[in-house]
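Comments concern the structure below.
Bear in mind these aren't lab numbers, they're just calculated from the coordinates by the rules spelled out. The shown structure was predicted, so the numbers you read here are calculated from the model rather than taken from an experiment. A quick note on method: Cβ atoms are made from the backbone with ideal geometry, for glycine too, and the neighbour counts reach across all protein chains shown.
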Amino acid sequence: MKAEEVAALSWDKMAGLLPAVVQDARNLQVLMVGYMTREALEQTLATGKVTFFSRSKNRLWTKGETSGHFLELAGVSADCDSDALVVRAIAHGPTCHKGTQSCFGTLGVESDAGLGFLDKLWTVIEERHRLMPEGSYTTSLFRKGLDRMAQKVGEEAVETIIAAKNSEKEPFLGEAADLLYHLLILLKGRGVSFYEVIATLASRHR
């Protein structure tokens with residue numbers, strides 16, 4: 001958002017406050033709702049850390065200033081009336097003070113339904129890579145190195161192709177799931193984010 005767009009927002013409608021809905025930039029889950037003054041929005045844009053105006057503290061408040069669970073700004077846009085904001089951010093830790101990812105409980109991708117599960121799976125893979133827990137198959141792949149991870153993707157790709165040529169649906173689904181899982185492992189092992197791949201796909205779509 002440019003400076004002239006900030007200035008053009010309807011700051012006078014609610015005594016200088018605009019509601020700001022924070023949405024996970026990666027999976028679109030609604031994380032929280034806060035309020036921004038013009039100064040809070042300008043600080044958010046300048047620092048890259050989402051900052052609100054705290055009505056209880058009566059001052060600017062950067063999310064995570066105490067807990068360290070910052071919201072890294074990915075983008076911000078206004079609604080058609082210029083009196084409400086959607087802030088897209090990457091959450092570094094739980095967003096809610098109760099320790100959950102979202103202040104809205106299980107709304108959105110915290111369930112195992114739909115495409116949200118891919119985001120959940122990626123989070124698990126990142127955690128395995130960071131902690132390397134014993135007894136984990138994912139850990140064993142990371143420890144064997146990039147060559148083994150790449151080999152597994154090749155093996156699963158061949159098995160997926162073979163299954164695709166057979167009439168049974170379930171074996172093909174299983175092989176496709178194995179291929180996708182091992183590709184995510186290879187991405188992490190290669191130091192590439194799942195979301196970078198999505199961004200590449202999106203840029204090609206445009």
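Mind running the shape call on segment 116-205? Use the C-alpha gyration tensor, a ≥ b ≥ c as the square roots of the eigenvalues: rounded below 1.5 for a/c, prolate if a/b tops b/c, oblate otherwise. Oblate, since a/c reaches 1.5 and b/c is not below a/b.
A simple rule links phi to the HN-Hα coupling: the Karplus curve 6.51 cos²θ - 1.76 cosθ + 1.60 with θ = phi - 60°, which for segment 39-54 gives 5, 5, 5, 4, 5, 4, 5, 6, 9, x, 10, 5, 10, 10, 9, 7 Hz, with x for Gly and Pro. From most to least packed by mean Cβ count within 10 Å, the peptides 56-62, 173-179 give 173-179, 56-62. Reducing segment 166-206 and segment 120-149 to their Cα centroids gives an inter-centroid distance of 16 Å. For the chain, the longest principal axis of the C-alpha atoms and the axis of helix 116-131 are separated by about 80°. Only helical runs count toward this figure. For the chain, summing -39,500 (n - 2.57) over DSSP H runs of n ≥ 4 and dividing by all residues gives -14000 deg cm²/dmol at 222 nm.
Please label the shape of segment 3-91 as rounded, prolate or oblate, based on the square roots a ≥ b ≥ c of the eigenvalues of the alpha-carbon gyration tensor (a/c under 1.5 means rounded; beyond that, a/b larger than b/c means prolate, else oblate). Don't skip to the answer; put the middle values down first.
Details: a/c = 1.66, a/b = 1.22, b/c = 1.36.
Oblate shape, in that a/c is at least 1.5 and b/c is the bigger or equal ratio.
Here's the list of lysines a cross-link from Lys188 could span, going by alpha-carbon distance under 25 Å and ignoring same-chain residues fewer than 8 apart: Lys120, Lys144, Lys152. Listed peptides 23-29, 90-96 appear in the order 23-29, 90-96 once ranked by packing, highest mean of other Cβ atoms within 10 Å at the front. Taking 0.36 nm per residue of separation and subtracting the current Cα-Cα distance, fully stretching the chain between Ala46 and Val6 would add 13.2 nm.
Multiplying the sequence separation of Cys96 and Ser203 by 0.36 nm and subtracting their Cα-Cα distance, what value in nm do you get? Contour length minus Cα-Cα distance gives 35.3 nm.
Before anything else, pin down the relative contact order of the chain: Cα pairs under 8 Å, at least 6 apart, normalised by residue count, whole percent. All intermediate terms of the calculation are to be shown ahead of the outcome.
On the way: 288 pairs, mean separation 29.9, N = 206.
Relative CO of the chain lands at 15 percent.
For the chain, what does the equivalent ellipsoid look like in terms of its semi-axes, each the square root of 5 times an eigenvalue of the Cα gyration tensor, given largest first in whole Å?
Values: eigenvalues 331, 71, 45 Å².
Over the Cα atoms of the chain, the semi-axes work out to 41, 19, 15 Å.
Remark: segment 90-100, residue by residue, has Karplus-estimated 3J(HN,Hα) of 9, 7, 9, x, x, 8, 7, 5, 8, x, 9 Hz, where x stands for each Gly or Pro and the curve is 6.51 cos²θ - 1.76 cosθ + 1.60 at θ = phi - 60°.
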